[in-house]
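Working notes, beginning with the structure itself.
The values are calculated or read from the model by the stated rules, or taken from the named source; none is laboratory data. On a predicted model such as this, the values are computed, not experimentally measured, just so you know. Heads up, the Cβs are rebuilt from the backbone with ideal geometry, glycines too, and the neighbour counts pull from every protein chain shown. Protein only, heavy atoms only, side chains kept; ligands, DNA and RNA dropped before computing areas. Shrake-Rupley method; radii C 1.70, N 1.55, O 1.52, S 1.80 Å.
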Amino acid sequence: MAKPTGIARLSRGLIGRLMMVVVAIHTILVPLLFIGVLYIVKQGYESLFINQARSESHMLAVLAGRDMRPARLQTLFEEVALSGSVVFWAVTDTSGQTIVSTHGSDARTNFKEDFFFGEHGDTVYYVSVPVNDDAGILRGVLRLGYDETPTREQIDNTYHRGFYLAIGYISLTLFLTISGGRILNLMRKELVTQANALEHQALHDTLTGLPNRALLHDRLKQSILASQREHAPFALFLMDLDRFKEVNDTLGHQAGDVILQQTAVRLREAVRESDTVARLGGDEFAVVLPKVDVDGAVLIAEKILITLQAPFVVETRTLPIGASIGIALFPGHGEDAASLLSRADVAMYAAKHAGGGLTVYDPDLDRHSMDRLTLTAELRQGIDRDEIEVYYQPKADLHTGEVCGVEALARWRHPQLGLILPEEFIPLAERAGVINALTLRVIEESARQCAHWSSGGTRISVAVNLSPLSLLDAKFAEKIAEILRNCDVSARALILEVTEGAIMADTPQAQELFAHLDAIGVRISIDDFGTGYSSLARLKKLPVSEVKIDKSFVIDMLTDDNDAAIVRATIDLAHNLGLKVVAEGVETQGHLEMLAAFGCDMAQGYHISRPLPTLEIRHLLAINRKVITIGANEDRPLFSGL
């Protein structure tokens, strides 16, 4: 007679039978556990996709309603399509006629609007929204198709991982049951850990460990239900780090990751345990504060800002960052998660536009948000259409009183909005990826003017501000050299001003660019000197020819002994290193007198002259280059233009 198998022997005893029951239970419950977890993850991915698609489609409908010209609409949606998520778009008028479409003249062909993810069995999520003009009159219908494939792939990958984990666990359970049940309990715990880890990974940010966007949406929904039940408000913060992009681009992603991790720790410490701190992506964070009114929200936001004002330490560098916070409150600013997030985002960008700090949402901010999106789309076209003008602010030699150079400052002559100042459009240019094109446009125009002045016998330098993002362009120095050759201008006539924080970044890209610029003869100036925690050991090794003392020190030095001491010490330090010194922010004759007494080389500010357009700077240089007199008893601008 054949011997019984191991399973047959095990099934004869009471303990064996109990173990077999355990195996059977695990075989049933484990798949059910994974199915439940995977269903939650699947719903999270699908909800996030639908919320983003519908929010974006409503925003695009507002933009489309402002200008229904086909060319304008085509340009708008071609730029939207660059993101890769929109694969179909169409705009029809009220009569049903197609204005623009990705699929020919009939925008309705095969279009079936979706209300659920994967509703019609295809891979495109179709959305249809009305297009109204600013007066609320229906102008047409916008139809969009969003690619579901990336989200499907995320869900499929989650399914595969869950399936393999379940199969592996069941197989190991059977093996260990036959071999011995001692390790079975440990493996069960490991499975629970893996399932929890899988759920945690789907709902948390891997870098900081904070809840991600999907979990934030769930927490917002729970907060809304609790607030409705208890009749208590709650606040939502959206926060963006102010100088993170500059640090990330110059010091690298590792330094950026360290700052994000330190930010997460500081945020957790600044709020209550019952509050939710989430990372939405990049340098953007969110905070949900239950049972908080507007006054309480402002106090907590101020506490967070103070916490983030302390410099961040990355390796041996001390970096100032700061933040901008937008605040929205339930139910006053929105009754669902999407509207609260949208309005907190509008408030956050208003705070960033104001130079940092916090802003509570106000309905008047919505129009500014739309205007910002429109300007971003129009800026690239403005550069191509030569709408960028260059103004020049003179720099005076404190020894001779003459104009020794100018700083080139960009202005955008918008066809409808008129003259737009750089603080309005430079951040848009950096986010839109056109800052290099804008900078080269300013350098080219400045070089042409420099050649014109030189042909008339006036030889002065021209300084142009350089964005930290330009330090990442390996061919930027070659492009500058080509411009100088084409304009027949000496490289020594061009000065590139780089912020102190960017120039102190010890990155291979920055080192290579500075070395190349120095080799062709272009001079480098450290802008806003005194605000970026410079290392003297690093400073003396850089190919720098001058420093510009930040105006925050110069403006108050007449009344603040500390600022006066900083200005004097900076001038002495720079001279000891063989560098020239420019003081900006000179607004009175008293500033000139004190700077001259300190031995400063050059001065710049509204007391000398405001920034001038091309014709007026030519007039100034033609009539008299001497613009200041030390010892004069004048507090009005020494040159006020034509």
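For this structure, a couple of remarks:
- Among the candidates L48, L38, L76, residue that is within 29 Å of the chain's Cα centre (by Cα), under 30 Å from I167 (Cβ atoms) and not basic (K, R): L48
- Matching residues, region 74-92, being at pLDDT below 85, crowded, with 19+ Cβ neighbours inside 10 Å and not aliphatic (A, V, I, L, M): F77, S85, W89
- Region 574-596, residues that are more than 37 Å from the chain's Cα centre (by Cα) and either assigned to a strand (DSSP E or B) or touching a residue at least 60 places away in the same chain (Cβ under 8 Å) (or both): L592, L595, A596
- If you check S95, S47 for being of a type in the set (S, T, N, Q), open to solvent by 40 Å² or more (accessible area, probe 1.4 Å) and over 29 Å from A214 (Cα atoms), only one passes: S95.
- Once region 128-140 is narrowed to residues that are open to solvent by less than 50 Å² (accessible area, probe 1.4 Å) and under 15 Å from L63 (Cβ atoms), the residue that is modelled with the lowest pLDDT is D133.
- Residue that is modelled with the lowest pLDDT, among those in region 590-614 that are open to solvent by less than 10 Å² (accessible area, probe 1.4 Å) and polar (S, T, N, Q): S609
- Flag for A270 being among the aliphatic types (A, V, I, L, M) and surrounded by 21 or more Cβ atoms within 10 Å (Cβ to Cβ): no
- Residue match in region 248-264 (condition: more than 30 Å from S470 (Cα to Cα), open to solvent by 30 Å² or more (accessible area, probe 1.4 Å) and more than 14 Å from the chain's Cα centre (by Cα)): no
- When we screen V277, V271 for residues that are in contact with a Lys or Arg (Cβ under 7 Å, 6 or more places away or on another chain) and within 17 Å of F234 (Cα to Cα), the only hit is V277.
- Among the residues making up region 332-353, those that are more than 19 Å from S55 (Cβ to Cβ) and surrounded by fewer than 23 Cβ atoms within 10 Å (Cβ to Cβ) are G332, K352, H353.
- The residue that is surrounded by the most Cβ atoms within 10 Å (Cβ to Cβ), among those in region 200-220 that are in contact (Cβ under 8 Å) with a residue 24 or more places away in the chain and over 19 Å from D283 (Cα atoms), is L220.
- Residue in region 292-315 that is surrounded by fewer than 21 Cβ atoms within 10 Å (Cβ to Cβ), over 23 Å from L203 (Cβ atoms) and of a type in the set (G, A, S) present: yes
- D67 being farther than 19 Å from E148 by Cβ, loosely packed, with under 14 Cβ neighbours inside 10 Å and among the charged types (D, E, K, R): yes
- Of the numbered criteria (1) modelled with pLDDT of 75 or more; (2) open to solvent by less than 30 Å² (accessible area, probe 1.4 Å); (3) hydrophobic (A, V, I, L, M, F, W, C), the one A197 fails is (2).
- The residue pairs whose first member lies in region 597-613 and is farther than 16 Å from V627 by Cα and touching a residue at least 60 places away in the same chain (Cβ under 8 Å), whose second member is small (G, A, S) and not in a helix (DSSP H, G or I), and whose beta carbons are closer than 7 Å, counting only pairs six or more residues apart or on different chains, are C600/A583.
- Where a residue in region 527-556 is closer than 21 Å to K395 by Cβ and of a type in the set (A, V, I, L, M, F, W, C) and its partner, wherever it lies, is open to solvent by 60 Å² or more (accessible area, probe 1.4 Å) and at pLDDT 75 or above, with Cβ under 6 Å and at least six apart: F553/I566
- Test for E445: is it open to solvent by 10 Å² or more (accessible area, probe 1.4 Å) and in contact with a Ser or Thr (Cβ under 7 Å, 6 or more places away or on another chain): no
- Scoring A569 on the criteria (1) exposed (fewer than 14 other Cβ atoms within 10 Å of the Cβ); (2) within 21 Å of V403 (Cα to Cα); (3) of a type in the set (A, V, I, L, M); (4) modelled with pLDDT of 90 or more leaves a single failure, condition (2).
- Qualifying residue in region 361-375 (condition: within 30 Å of L612 (Cβ to Cβ) and in contact with a strand residue (DSSP E or B) (Cβ under 9 Å, 6 or more places away or on another chain)): yes
- Filter result for G641 (open to solvent by 30 Å² or more (accessible area, probe 1.4 Å), assigned to a loop (DSSP other than H, G, I, E, B) and either modelled with pLDDT under 90 or of a type in the set (K, R) (or both)): no
- Residue, nearest to D386 (Cα to Cα), within region 428-447, restricted to residues that are without any contact (Cβ under 8 Å) to a residue 40 or more places away in the chain and assigned to a helix (DSSP H, G or I): T439
- Total residues in region 467-480, condition over 18 Å from the mean Cα position of the chain (by Cα) and buried (at least 19 other Cβ atoms within 10 Å of the Cβ): 3
- Conditions (1) within 26 Å of the chain's Cα centre (by Cα); (2) among the small types (G, A, S); (3) at negative phi: number failed by S446: (1)
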